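Enquirer: My questions will all concern the structure given below.
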Amino acid sequence: MLICGADGFIGRNALEYFHGEYDITAVLFKFDVVTQAAATTTGSKDVVERPYLHVTDNVVMNAWIFREAMLNKVGHVLFPSCTVMYQPKEQPQTENDWTESDEIYPSYFGVGNMKVFNEKMCDFYSRLGNTKFTAFRHSNVYGPYDKFDLDKCHVVPAFVNKVTNADKELEIWGTGKAKRDVIYIRDLIDFIDCCIKKQESPYELFNCGAGEAFPILELAETIMDIQNKDLEIRMDETKPDIPTTVILDCSKAEQLLGWQPKTNLVDGLRKTCEWYTKNYG
C-alpha cells in the first residue's frame, strides 16, 4: 500500500491502522492500494478569507496521482473528498442529493467544485484501465494526529486546544448555532478498510459520517465536561463563521460495505482529548 500524506491526519492514522497487514511505503507506484490523503487543508478562516489556497494545489496533485496510478496499474485508489458541495439542510443527505444544478454555498464554492472535479477524475480514470477508484465524502473528521494549530485546524481540534489551555474563558467564533456532522478517525479508517475489501465496482462514491449533526456550542461544552473545565463562553460574531448544517445519510456504505460508525461522540472526544494532553499538554 502507498499512503500519500502519511505524516498528516488521515494518512498517519491509516498508516498505524494498516501497519502489519500491508507492506507500506511512500516512494514508488507499484502498489495494490493507494490511499490519497495528501492535500492542502486549513480551517474556516482561510475558507472564508483565502479560499484559493484549497483549489489549485489539490487539483494538480490529484490529477498527477490518479493518472500515474492508472498507468501503473494500481489495484485500488481511495480519495477523501468532502461534503461542502451539499446544500445546507437539517435532514440527512445521500450521495445523490447534490446535482450540478445546485449552487454551492458561497464560502465553499472553490473547494466544493474542486472536490467534485476530483471525484469526476476518479470516475474518468476508472473507465480507462483496470484501477478501481473510491471517492468518499466524509464529514468533519477528528482524533489523534489531527491539526491542533488554531490557524489551520477545524472546529473539534480547535476546541480541544482552546479548552485544554484556557483558564477562565472560551472564545467561540460566530453564534455557536451552526451544526457539524463529526466522525472519529478510527471509524473513517474502518470505512477505508471496508472499501478495500468489499467494493466490487470500478468506481463508487460514498458518504462517510456520523449521520447526525451537533451544534458547535454543544461540542465545546462536551469537551469542557471531559476536561473538567468550567469556562465562561464568549461568542465573537466578528470572526469568520460558516453557519451551515450538513448531515450525511450513509445508508449506501452500510448496504454495499456493511459499514457503520461505531464511536459515539463522547468516547471519541475523550480519546482525542487524552491524546492531545499526552502529546501537547
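The values are calculated or read from the model by the stated rules, or taken from the named source; none is laboratory data. Only a predicted model underlies this, so the values are computations on that prediction, with no experimental measurement involved. FYI the Cβ positions are ideal-geometry reconstructions off the backbone, even for glycines, and counts take in every protein chain you see. For the accessible areas, the whole protein counts, side chains as well, though only heavy atoms, and no ligand, DNA or RNA atoms are used. Shrake-Rupley method; radii C 1.70, N 1.55, O 1.52, S 1.80 Å.
Enquirer: Once you order the gyration tensor axes a ≥ b ≥ c over the Cα atoms, which shape class does segment 161-209 get: rounded for a/c under 1.5, otherwise prolate or oblate by comparing a/b with b/c?
Expert: Taking the square roots of the gyration eigenvalues as a ≥ b ≥ c, segment 161-209 is prolate.
Enquirer: Another one. Scaled to the compact-protein estimate 2.2 N^0.38 Å, what is the alpha-carbon radius of gyration of segment 1-155, rounded to two decimal places? Walk me through the numbers on the way to the answer.
Expert: Values: Rg = 15.8 Å, N = 155, 2.2 N^0.38 = 15.0 Å.
Working it through for segment 1-155, the quotient is 1.06.
Enquirer: Would you mind telling me the antiparallel percentage of the DSSP bridges in the chain, rounded to 5?
Expert: Values: 2 of 31 bridges.
In the chain, approximately 5 percent of DSSP beta bridges are antiparallel ones.
Enquirer: Need the C-alpha centroid separation for segment 174-226 versus segment 241-264, integer Å.
Expert: Taking the Cα centre of segment 241-264 as reference, the centre of segment 174-226 is 6 Å away.
Enquirer: Classify segment 179-281 as rounded, prolate or oblate from the Cα gyration tensor: take a ≥ b ≥ c as the square roots of its eigenvalues, call it rounded if a/c is under 1.5, otherwise prolate when a/b beats b/c and oblate if not. Mind showing how you got there, number by number?
Expert: Values: a/c = 2.85, a/b = 1.74, b/c = 1.64.
Prolate is the answer for segment 179-281, as a/c is 1.5 or above and a/b outweighs b/c.
Enquirer: So if the hydrodynamic radius of the chain is defined as the Kirkwood radius over C-alpha pairs, what does Stokes-Einstein give as its diffusion coefficient at 37 °C and 0.692 mPa s, in µm² per second? The partial results should precede the final answer.
Expert: Details: Rh = 19.3 Å.
In µm²/s, the coefficient is 170.
Enquirer: Using amide H atoms built in the peptide plane, which far-off residues or other-chain residues are under 5 Å from Thr94 H to H?
Expert: Asp249
Enquirer: Taking the convex hull of the Cα atoms, report for segment 208-267 its projected area averaged over all directions, in nm².
Expert: Details: hull surface 21.5 nm².
Convex hull of Cα atoms, orientation-averaged projection: 5.4 nm².
Enquirer: Please express the Cα-Cα pair-distance distribution P(r) of segment 46-117 as a list of whole percents, one per 10 Å bin, running from 0 to the bin with the greatest distance.
Expert: Pair shares across the bins are 17, 42, 31, 10, 0.
Enquirer: Right, next: What is the distance, in nm, between label points placed 7 Å from the Cα along the Cα-to-Cβ direction at Leu150 and at Ser101?
Expert: Reported label-point gap for Leu150 and Ser101 is 4.6 nm.
Enquirer: What's the magnitude of the charge dipole for segment 152-195 around its Cα centre, counting Lys and Arg as +1 and Asp and Glu as -1 at the beta-carbon? Answer in Debye, nearest 20. The partial results should precede the final answer.
Expert: Numbers: 7 positive and 7 negative charges, 44 e Å.
Charge dipole of segment 152-195: 220 debye, to the nearest 20.
Enquirer: Let me ask another. Tell me which of Leu150, Asn118, Gln91 sits at the most positive position along the dipole axis of segment 91-205, charges placed on C-beta atoms (Lys, Arg +1; Asp, Glu -1).
Expert: Value computed over the given set: Leu150.
Enquirer: Keeping the other protein chains in place, figure out the carbon and sulfur percent of the accessible area of segment 7-123, with a 1.4 Å probe.
Expert: Working: 3190 of 5940 Å².
The computed percentage sits at 54.
Enquirer: Let me know the charge dipole size of the chain about its Cα centre in debye, to the nearest 20, where only the beta-carbon of Lys, Arg (+1) and Asp, Glu (-1) is charged.
Expert: Values: 30 positive and 42 negative charges, 129 e Å.
Taking the Cα centre of the chain as origin, the dipole is about 620 debye.
Enquirer: Let me ask you something else. Provide the per residue accessible area, probe 1.4 Å, for the chain, rounded to a whole number of square angstrom. Walk me through the numbers on the way to the answer.
Expert: On the way: 13440 Å² over 281 residues.
Per-residue accessible area for the chain comes out at 48 Å².
Enquirer: In whole percent, and with a 1.4 Å probe on the protein chains, what portion of the accessible area of segment 178-281 is carbon and sulfur? Before the final figure, lay out each step's value.
Expert: Working: 2160 of 5000 Å².
After summing per-atom areas, the C and S share lands at 43 percent.
Enquirer: To the nearest 20 debye, what charge dipole does segment 91-175 have about its Cα centre, counting +1 at the Cβ of each Lys and Arg and -1 at the Cβ of each Asp and Glu?
Expert: Values: 9 positive and 13 negative charges, 75 e Å.
With only Lys, Arg, Asp and Glu charged at Cβ, the dipole is about 360 debye.
Enquirer: Using a 10 Å cut-off on Cβ atoms, rank the peptides 66-78, 100-112, 4-16, 132-144 from the highest mean neighbour count down. Mind dumping the intermediate values first?
Expert: Working: 66-78: 18.5, 100-112: 15.8, 4-16: 20.2, 132-144: 23.4.
The packing order, highest mean first, is 132-144, 4-16, 66-78, 100-112.
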